[in-house]
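Reviewing the structure listed below.
The values are calculated or read from the model by the stated rules, or taken from the named source; none is laboratory data. The shown structure was predicted, so the numbers you read here are calculated from the model rather than taken from an experiment. Cβ placement follows ideal geometry from the backbone for every residue including glycine, while neighbour counts extend to all protein chains displayed. Surface areas here come from the heavy atoms of the whole protein model, side chains and all, with no ligands, DNA or RNA. Shrake-Rupley method; radii C 1.70, N 1.55, O 1.52, S 1.80 Å.
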Amino acid sequence: MANKYITTLLLFVLTVFPAGVTIAFTYFSSAHPVESHELENDAFLNDSENKLEILFFGYVGCHDVCPSTLARISNVLKTSEFKTLPVKTGALFIDINATDRRIPEQYAGSFSENIRAFAPGTEEFRSISKEFVLRIYENRDNSDRISHTDHIFILKKTNKKWSIQRVLKNTIDENKLLKILQLEASAISPE
């Protein structure tokens, strides 16, 4: 009888427990698997003169998460605290569904003239998607909605290379986002 109990306990410890821990860390951990990852394919940031970038992936035509996240980023960009960060910081919206590069620029600009936009080509998008571990699914309900990774990424440039410093929930409070930007900016020595 004790042998059966030990076998059951061992089976639980070896199978169910690791899965539970993995799921718990996925949902409760503040760290994201790509934090501190140096980008291999950062050509989409070549034109950036910034040391920090707030990056958000979305698409024109999104009706809920994308506009509210871009509005939140826009509100942060308007604050006097943002404007006095010790290093140059910008924001970039990457449209995951665009075919015309002008449309995402107009869309991002409708939130703030300080949010730049980028619409990658197919191959570049695959590369970016892989590096940022993006999950993108077209919904099967025949709507125009696309389910996608909706995090806010904070990128830092060091020696002309970009790395992912922080991965934040899109629902982050504007004040908390600003504090994170202040912390990240203060860790960079201005040139």
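Counted residue by residue at 0.36 nm each, then reduced by the alpha carbon distance between them, the extension gain from residue 88 to residue 100 reaches 1.5 nm.
Accessible area ranking (1.4 Å probe, heavy atoms, ligands and nucleic acids excluded), largest first, for 64, 42: 64, 42. On the protein heavy atoms, probe 1.4 angstrom, tell me the percent of accessible surface of region 32-133 carried by carbon and sulfur. After summing per-atom areas, the C and S share lands at 47 percent.
Tally Lys and Arg at +1 and Asp and Glu at -1 over the other residues with C-beta under 11 Å from the C-beta of residue 179: what net charge comes out? With Lys, Arg at +1 and Asp, Glu at -1, the net is -3.
Stretching the chain fully between residue 124 and residue 159 yields a gain of 10.3 nm (0.36 nm per residue, less the alpha carbon separation).
Within region 159-174, find all residues whose amide N lies under 20 Å from a label point positioned 7 Å from the Cα of residue 135 along Cα-to-beta-carbon. Residues 166-172 fall inside that zone.
Within the full protein context, the accessible area of residue 183 is estimated at about 110 Å² for a probe radius of 1.4 Å.
Accessible surface for region 70-128, divided over its residues, is 53 Å² per residue with a 1.4 Å probe. Taking 0.36 nm per residue of separation and subtracting the current Cα-Cα distance, fully stretching the chain between residue 38 and residue 182 would add 49.8 nm.
Computed with the Debye formula from one identical point scatterer per Cα of region 36-109, without solvent, the log10 of I(q)/I(0) at q = 0.12, 0.21, 0.23, 0.24 Å⁻¹ comes to -0.38, -1.08, -1.20, -1.25. The HN-Hα couplings worked out from phi for region 171-181 by the Karplus form 6.51 cos²θ - 1.76 cosθ + 1.60 (θ = phi - 60°) are 8, 4, 4, 4, 5, 5, 4, 4, 5, 5, 5 Hz, whole numbers, x standing for Gly and Pro. The convex hull drawn around the Cα atoms of region 42-191, when projected onto a plane and averaged over every direction, covers 8.6 nm².
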